[in-house]
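No lab work stands behind these numbers, since they all come straight from the coordinates. Bear in mind that the values here come from a model prediction, so they are computed numbers and not experimental data. As a convention, Cβ positions derive from the backbone with ideal geometry for all residues, glycine included, and neighbour counts pool all protein chains shown.
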Amino acid sequence: MADMILEIRHLSKSFGSHQVLKDIDFTVSQGDVTAIIGASGSGKSTLLRCINLLETPTSGEILFHGKDMTGPGVNAPEYRSHVGMVFQSFNLFANMSVLKNCMVGQMKVLKRNKDDARQTALRYLQQVGMAPYINAKPRQLSGGQKQRVAIARALAMGPEVLLFDEPTSALDPEMVGEVLSVMQDLAAQGMTMLVVTHEMAFARDVSTQVVYMNEGVICEQGPPAQVLGDPQRQETKNFLSRFRSS
Amino acid sequence: MNVFSKLIYDIGRLWGKYWGSYLNGVKNTLILAVVATAIGVVIGLVCGILNTIPCSKNDPLPKRVLLKVVRFIVRAYVEIFRGTPMVLQAVFIYYGLPYFSNNALRFSSVWAAAILVVSINTGAYMAESVRGGIISVDPGQTEGAMAIGMNHFQTMVNVILPQAFRNIIPQIGNNFIINIKDTSVMFIISFTEFFAFHQYITGVNNLYFPSAAIEMVGYLTMTLIASFLLRALEKRLDGSDNYELVSEDQLVMAAGTYNHPDKGTPFDERSKEYREKARQELKYGRTRGDR
């Protein structure tokens, strides 16, 4: 069995009296591409943000290589540097050029020297096809370009697992393809990824496991052919039928 | 004699005799204002970092208590120094120190006292401006920085404060200009800046109005130059609207990018021709054959 990277155990999260996540359980192994699907408000993004500790889980455990990351005394920044995240709204640093965006984390967090950081940044920018734009500021780029830079920024940190929070939801339809193809390449290279997405085709073709969430619980999970092709639960069928008809 | 020619004559007389003292006053005022504003901005930035340290229930108790204490101190500092007149603060600090220490401690130079008082006063105002500047930066920037593993200090210094700083430059300008003028209250601890010379000179020869006229022009000149320089700094920080693609095959890679037309060309939205054309179009509609 492949090396287990992340284990989510009995994870719950409440905002006040509103329980957003209820007793979530699943595991991510080396090389897995997990697609998390579900309607808006079902807790997909919150789950991802909890995994990255951007939200503090109310209860439950997040085991990273077997070590619990939710307890007191955990070095959250150190953990986050191993778990990359790509946001729906890109969140590129507005005060830096594209190249600097991909270098600053390596230099400040990983303490790499400038030349190494530059080389690594250029390599990943090349991979996502953004190398010619190293001098541009984020505000000068299109949405798809920004998202590709954001992916390069996350990759430059050498993460063990990459979290994508609806990476294509804020993009125009013609830009969705360029971002998805970058993600597809990553999957082919064996990157471990967790992708919250509404792109069913991506979930079907690229992912190795699909998690369907409904109202804060995992309703159904398994290989894409099973969850998407032959769903067992009525909720899953209803959700998927909306995508089929469109 | 005409009043105005008399005024000009008096001003000329004063300037001819005391121009060195006036200029010396200008110099002292400017040094005090620049140094105190700079230190004040640094104090403001530090308060901004301290005020925004995140605190979650998972943190150990001592850390949470410490954070509460730090926040209380910053808050008290801001409220006290923002809420009392600078003249009184000067008196309190300059005369209070020897009073409480039985003359064992006193300021060796009036410069140190003046810079201290104006700095901490400016710092109190800047702390609030910086707080506003930090709030104005998109929270996504913080999340982006945290997601690549930066801690609070690294996030602030590398990502948030540079953007907040850009946003509060107008506020810094405000404070700088206020400092140029308000350092005049430092005469209370016998700091000889621009306005103090006015008091000294008029004490000698009773030419109140002509001297005040010189002061007015002097202060206005200083503040105008200050606002001009700050505008220039703002522009510089905004950087260029353009960027160069780094590639041999520019035609292919340039797809989907937009370079702003050069300044002054008819296609530049800021040029006179473009605006005139737009205005005409609004008024009469687009002329035929224009496309």
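Among the lysines, select those whose C-alpha is under 26 Å from the C-alpha of B:LYS181, and discard any that sit fewer than 8 residues away in the same chain.
Those lysines meeting the cut-off are B:LYS17, B:LYS27, B:LYS235.
If you wrap a convex hull around the alpha carbons of segment B:69-182, what volume per residue comes out, as a whole number of Å³?
Normalising the Cα hull of segment B:69-182 by residue number yields 136 Å³.
Considering all alpha-carbon pairs of segment B:66-120, what whole percent are spaced by more than 14 angstrom?
Considering segment B:66-120, 61 percent of its Cα-Cα pairs are separated by more than 14 Å.
What helices does chain B have that are whole DSSP H segments, at least 15 Å long along their own axis by Cα, and with mean Kyte-Doolittle hydropathy of 0.5 or more?
Helices meeting the span and hydropathy rule in chain B are B:3-51, B:61-82, B:86-100, B:110-136, B:194-205, B:208-238.
Any idea what the dipole of chain B comes to, in debye rounded to 20, about its Cα centre with Lys/Arg Cβ at +1 and Asp/Glu Cβ at -1?
Dipole size: approximately 700 debye.
Please go through segment B:24-69 and write out the trypsin sites (Lys or Arg not before Pro) that DSSP classes as loop and that have at most 12 other C-beta atoms within 10 Å.
Hits after loop and neighbour filter: B:LYS57.
Report, in deg cm²/dmol and to the nearest 500, the calculated mean residue ellipticity at 222 nm for chain B, where each DSSP H run with n ≥ 4 adds -39500 (n - 2.57) and the sum is divided by the residue count.
Mean residue ellipticity, 222 nm, calculated: -24500 deg cm²/dmol.
Using Cα pairs under 8 angstrom and six or more residues apart, how large is the relative contact order of chain B, in percent?
Over chain B, the number comes to 24 percent.
Over all pairs of distinct alpha carbons, what does the Kirkwood formula give as the hydrodynamic radius of chain A, in Å?
After inverting the mean inverse Cα-Cα distance, the result is 18.6 Å.
Once Lys and Arg get +1 and Asp and Glu get -1 on their Cβ, which of A:SER17, A:SER29, A:PRO72 lies farthest toward the positive end of the dipole of segment A:1-94?
Result: A:SER17, furthest along the dipole toward the positive end.
Note the full-extension length gain between B:SER109 and B:ARG82 as 0.36 nm times their separation in residues minus their Cα-Cα distance, in nm to one decimal.
Taking B:SER109 through B:ARG82 to full extension adds about 7.2 nm, to one decimal.
Mind ranking A:209-216, B:131-138, A:126-133, A:233-240 by how tightly packed they are, going by the mean number of other C-beta atoms within 10 angstrom, highest first?
Top of the packing list down: A:209-216, A:126-133, B:131-138, A:233-240.
Between B:TYR284 and B:VAL34, what FRET efficiency follows from the Cβ-Cβ distance if R0 is 35 Å, with the result rounded to 0.05?
Efficiency at R0 = 35 Å is approximately 0.10.
Based on the alpha-carbon gyration tensor of segment A:104-180 and its eigenvalue square roots a ≥ b ≥ c, which shape applies: rounded if a/c is under 1.5, prolate if not and a/b is larger than b/c, or oblate?
Prolate.
Pulled fully out, how much extra length does the chain show between A:THR56 and A:SER29, if you take 0.36 nm times their separation in residues and subtract their Cα-Cα distance?
Answer, rounded to one decimal: 7.4 nm.
Of the residues B:MET186, B:MET150, B:MET86, which exhibits the maximal mean-square fluctuation in a Gaussian network model of chain B defined by a 10 Å Cα contact cut-off?
Looking only at B:MET186, B:MET150, B:MET86, the largest GNM fluctuation is found for B:MET150.
Peptides B:205-211, A:135-141: what's the order by average Cβ count within 10 Å, highest mean first?
Order by mean packing, descending: A:135-141, B:205-211.
Which order, highest average first, do B:9-15, A:199-205, B:195-201 follow once you tally other Cβ atoms within 10 Å for each residue and take the mean per peptide?
My ranking of the peptides, most packed first, is B:195-201, A:199-205, B:9-15.
Which whole number gives the average, over all residues in A:60-72, of C-beta atoms from other chains lying within 10 Å of the residue C-beta?
Whole-number average of other-chain Cβ neighbours for A:60-72 is 1.
Taking each residue in A:139-150, count the Cβ atoms of any other chain within 10 Å of its Cβ, then average. What number comes out?
2
What is the distance in Å between the Cα centroid of segment A:154-219 and that of segment A:64-131?
First find each Cα centre; the distance between them is then 18 Å.
How large is the charge dipole for chain A, taken about the Cα centre, if only the Cβ atoms of Lys, Arg (+1) and Asp, Glu (-1) carry charge, to the nearest 20 debye?
900 debye
Note the count of lysine pairs whose C-alpha atoms are less than 28 angstrom apart in chain A, limited to pairs 8 or more residues apart or on different chains.
24
Calculated from DSSP H runs of 4 or more alone, at -39500 (n - 2.57) each and per residue, what is the 222 nm mean residue ellipticity of chain A, nearest 500?
Result for chain A: -10500 deg cm²/dmol, rounded to the nearest 500.
Work out, in µm²/s and without decimals, the Stokes-Einstein translational diffusion coefficient of segment A:165-233 at 20 °C, 1.002 mPa s, Rh from Kirkwood over C-alpha pairs.
Reported coefficient: 166 µm²/s.
Once you order the gyration tensor axes a ≥ b ≥ c over the Cα atoms, which shape class does chain B get: rounded for a/c under 1.5, otherwise prolate or oblate by comparing a/b with b/c?
It is oblate, given that a/c is not under 1.5 and a/b is not larger than b/c.
Straight-line reach from B:LYS68: which lysines have Cα under 18 Å away, leaving out those fewer than 8 places along the same chain?
B:LYS68 reaches B:LYS57.
Find which of A:LEU141, A:LEU53, A:MET183 sits farthest along the positive direction of the dipole of chain A, computed with +1 on the beta-carbon of Lys and Arg, -1 on that of Asp and Glu, about the Cα centre.
Of the options given, the answer is A:LEU141.
If you build the Cα gyration tensor of segment B:1-108 and take the root of 5 times each eigenvalue, what three semi-axes come out, in whole angstrom, biggest first?
Equivalent-ellipsoid dimensions as semi-axes: 47, 20, 13 Å.
With no solvent and one equal point scatterer per Cα, compute the Debye intensity ratio I(q)/I(0) for the protein assembly as shown at 0.10 Å⁻¹ and report its log10, rounded to two decimals.
Log-scaled intensity ratios, in q order: -0.96.
Just tell me, in residue order, which DSSP H segments of chain A are both 15 angstrom or longer along the helix axis (alpha-carbon based) and at least -1.0 in mean Kyte-Doolittle hydropathy.
A:98-108, A:143-156, A:173-188
Assign unit charges at the C-beta atoms only (+1 for Lys and Arg, -1 for Asp and Glu), then state the dipole size of the protein assembly as shown relative to its Cα centre in Debye, rounded to the nearest 20.
Its charge dipole is roughly 1800 debye.
If each residue of separation counts as 0.36 nm, what is the full-extension length gain between B:ASP241 and B:LEU61 once their alpha-carbon separation is subtracted?
Taking B:ASP241 through B:LEU61 to full extension adds about 59.9 nm, to one decimal.
Which loop-located trypsin sites (Lys or Arg not before Pro) does segment A:42-128 contain, where loop means any DSSP state but H, G, I, E or B and the Cβ has at most 10 other Cβ atoms within 10 Å?
A:LYS111
I need the shape label for segment A:202-246. Rule: rounded when a/c is under 1.5, else prolate if a/b > b/c, else oblate, with a, b, c from the alpha carbon gyration tensor.
Oblate, because a/c is 1.5 or more while a/b does not exceed b/c.
In the protein assembly as shown, with Lys and Arg counted as +1 and Asp and Glu as -1 at Cβ, which of these residues, A:LEU92, A:LEU122, B:VAL78, has the Cα nearest the positive end of the dipole, that is, farthest along it?
Sorting the options by dipole projection puts first B:VAL78.
How shielded is A:104-110 by partner chains, expressed as the average number of their Cβ atoms within 10 Å of its Cβ atoms?
Mean partner shielding for this stretch: 5.
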